[in-house]
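The next block holds one structure in the form of structure tokens; read it before the comments.
The values are calculated or read from the model by the stated rules, or taken from the named source; none is laboratory data. Values in this document were obtained by computation on a predicted structure and should not be read as measured data. Note that each Cβ is placed from the backbone with ideal geometry, even for glycine, and that neighbours are counted across all protein chains shown.
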Amino acid sequence: MFAARRAFSGALQTRAFSASARDLSKVTVLGAAGGIGQPLSLLLKLNPRVTDLALYDIRMAPGVAADVSHINTKSKVTGYDPTPSGLAAALNGAEVVLIPAGVPRKPGMTRDDLFNTNASIVRDLAKAAAASAPDANILVISNPVNSTVPIVAEVFKKAGVYNPKRLFGVTTLDVVRASRFVSEIKGSDPADENIVVVGGHSGVTIVPLFSQSSHPDLVGNADLLKRVQFGGDEVVQAKDGAGSATLSMAMAGARFAESLLKAAQGEKGVIEPTFVDSPLYKDQGIEFFASQVELGPNGAEKILPVGKIDAAEQTLLDACLSDLKKNIAKGVAFVAENPGKDL
Ligand SMILES: NC(=O)C1=CN([C@@H]2O[C@H](COP(=O)(O)OP(=O)(O)OC[C@H]3O[C@@H](n4cnc5c(N)ncnc54)[C@H](O)[C@@H]3O)[C@@H](O)[C@H]2O)C=CC1
Ligand SMILES: O=C([O-])CC(=O)C(=O)O
């Protein structure tokens with residue numbers, strides 16, 4: 001119980017505090033009726049920093065909202081109809097928009113195999129967000145994150161409202177997994193394991209930096225590396241055709257949203273890993289990269305450098321950068337070639 005509380009070091013611990021009137025925060029979930037969307041909505045309802053919870057999906061958002069709204073916390077919950085005006089109303093005035101809308105993997109698929117379906121879903125939701133919530137923090141969960149984040153950026157650029165500090169690919173699950181897997185090996189509490197994971201969010205683009213942890217001996221542990229890079233596949237296989245990680249992802253998404261709200265409300269030193277528009281490898285033509293990012297009232301305040309790494313980790317990073325470049329270019333090209341309908 002206590003370990004679980006500490007592991008979810010955001011929402012549960014902050015229940016002791018209540019949001020003040022000045023800290024009204026509308027949080028919108030697009031894809032709220034899905035495997036991730038439902039438990040994510042539940043966790044956001046439990047978070048006192050969220051004062052207005054807006055749920056949108058192409059199906060059943062009003063039903064999920066009715067259910068979640070009975071939970072006895074103060075926030076208002078609204079479910080919106082799957083219409084353009086419903087989507088616009090869900091987004092209007094949002095401070096944080098989480099996007100888990102899209103299809104999940106089945107066994108044998110890579111995240112990139114989801115591109116054809118999810119690219120247009122994310123593009124169209126991004127258009128709606130650019131129109132109705134241009135200043136919101138946009139948290140992209142839909143896969144492939146390495147490509148869907150650049151898609152959102154391109155849509156916002158075309159709409160003339162792109163703010164690189166407010167667009168985030170949610171890679172929190174990679175560090176959640178890494179700390180858990182390390183704790184299983186070391187017999188430690190995962191809350192004490194801070195494992196930095198950089199790069200992107202699929203296969204070899206996920207690069208854990210054990211040399212920077214308190215267990216540099218884990219750098220050569222091939223089984224652990226495989227679990228961190230392919231942890232998503234473990235869940236896809238175990239669910240056997242019924243989807244991918246939903247519950248752990250909901251926790252990871254809620255943690256990231258909580259960190260953003262905390263930082264927006266003035267808490268200093270809030271650092272999360274996330275896939276952002278990043279200067280770190282722009283000289284190699286790589287516009288987005290996941291690393292530790294300090295959050296603040298303006299979103300991504302400071303992108304922390306990768307720092308000193310082991311030679312073996314450098315080899316992993318080189319493989320990551322080569323894949324990442326292609327994934328990003330694919331997202332950018334998609335929007336150029338498929339601009340979609342005007343709203
Ligand atoms: N970033 C990460 O670490 C992770 C990302 N994911 C990704 O999250 C996405 C969602 O996964 P699940 O929730 O398991 O899938 P799901 O199929 O259970 O739910 C997706 C929801 O999106 C809705 N949806 C589809 N098109 C929509 C649209 N145009 N507007 C609004 N809602 C729409 C569906 O109706 C459905 O309720 C997948 O792409 C999955 O790969 C999953 C786990 C971790
Ligand atoms: O593996 C998947 O398809 C879902 C995902 O991104 C993860 O669990 O990390």
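Residues that are surrounded by fewer than 24 Cβ atoms within 10 Å (Cβ to Cβ) and within 11 Å of ligand 2 (Cβ to nearest atom) were ranked within the range 107-117; the one that is nearest to T28 (Cα to Cα) is L114.
Against the definition (small (G, A, S) and under 26 Å from E337 (Cβ atoms)), how does S188 come out, yes or no? Considered against the rule, which asks whether it is small (G, A, S) and under 26 Å from E337 (Cβ atoms), S188 comes out as no. Out of all the residues in the range 41-77, which are closer than 15 Å to L87 by Cβ and either outside the structural domain of L91 (by the TED database) or small (G, A, S) (or both)? Within the range 41-77, A54, A61, A65 qualify. Of all residues in the range 311-343, those satisfying the criterion of being modelled with pLDDT under 95 and of a type in the set (D, E, K, R) are K341, D342.
Among the residues examined, G86 does not qualify as in a loop (DSSP other than H, G, I, E, B) and either assigned by the TED database to the domain that holds L42 or more than 16 Å from ligand 2 (Cβ to nearest atom) (or both).
Applying a threshold of 6 Å to beta carbon distances and a minimum spacing of six or more residues, or different chains, the list of pairs starting in the range 196-210 at a residue that is closer than 11 Å to L317 by Cα and ending at one that is in a loop (DSSP other than H, G, I, E, B) reads V198/V306; P208/I195; L209/V196; L209/I309.
Quick grid of which residues meet (1) hydrophobic (A, V, I, L, M, F, W, C); (2) in contact with a Gly (Cβ under 8 Å, 6 or more places away or on another chain); (3) within 13 Å of ligand 1 (Cβ to nearest atom):
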residue	(1), (2), (3)
E234	no, no, yes
D240	no, no, no
S244	no, yes, yes
A252	yes, no, yes
E258	no, yes, no
Q265	no, no, no
I271	yes, no, no
T274	no, yes, yes
D277	no, no, no
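Look at S211 and say whether it is away from ligand 2 (no atom under 16 Å from the Cβ), in the same structural domain as S248 (by the TED database) and either farther than 15 Å from G231 by Cβ or modelled with pLDDT of 95 or more (or both). So S211 passes the test. Note on the range 161-175: residues that are touching a Gly at 6+ places or on another chain (Cβ under 9 Å) and either assigned to a strand (DSSP E or B) or not polar (S, T, N, Q) (or both) total 9.
For the range 129-160: of the residues being part of a loop (DSSP other than H, G, I, E, B) and within 16 Å of the chain's Cα centre (by Cα), which is surrounded by the fewest Cβ atoms within 10 Å (Cβ to Cβ)? Going through the qualifying residues, I end up with A136.
The sole residue among P339, P297 that is within 23 Å of K45 (Cα to Cα) and surrounded by fewer than 20 Cβ atoms within 10 Å (Cβ to Cβ) is P297.
Here the range 230-248 is the region considered, the condition is being under 28 Å from K165 (Cβ atoms) and assigned to a helix (DSSP H, G or I), and the residue that is nearest to ligand 2 (Cβ to nearest atom) is G232. Residue count for the range 177-200 satisfying the condition of being crowded, with 24+ Cβ neighbours inside 10 Å and either within 16 Å of ligand 2 (Cβ to nearest atom) or at positive phi (or both): 7. Summed over the range 249-285, residues that are touching a residue at least 40 places away in the same chain (Cβ under 8 Å), assigned to a helix (DSSP H, G or I) and either small (G, A, S) or surrounded by fewer than 16 Cβ atoms within 10 Å (Cβ to Cβ) (or both) total 8.
Step by step: first the residues of the range 211-248, then only those that are of a type in the set (V, I, T) and in contact with a helix residue (DSSP H, G or I) (Cβ under 8 Å, 6 or more places away or on another chain), then the one that is surrounded by the most Cβ atoms within 10 Å (Cβ to Cβ). Which residue is that? My answer is V228. Of all the listed residues (L40, L44), the sole one being assigned to a helix (DSSP H, G or I), closer than 18 Å to R255 by Cβ and within 9 Å of ligand 1 (Cβ to nearest atom) is L40. Among all residues of the range 179-187, there is none that is assigned by the TED database to the domain that holds G34 and among the aromatic types (F, W, Y).
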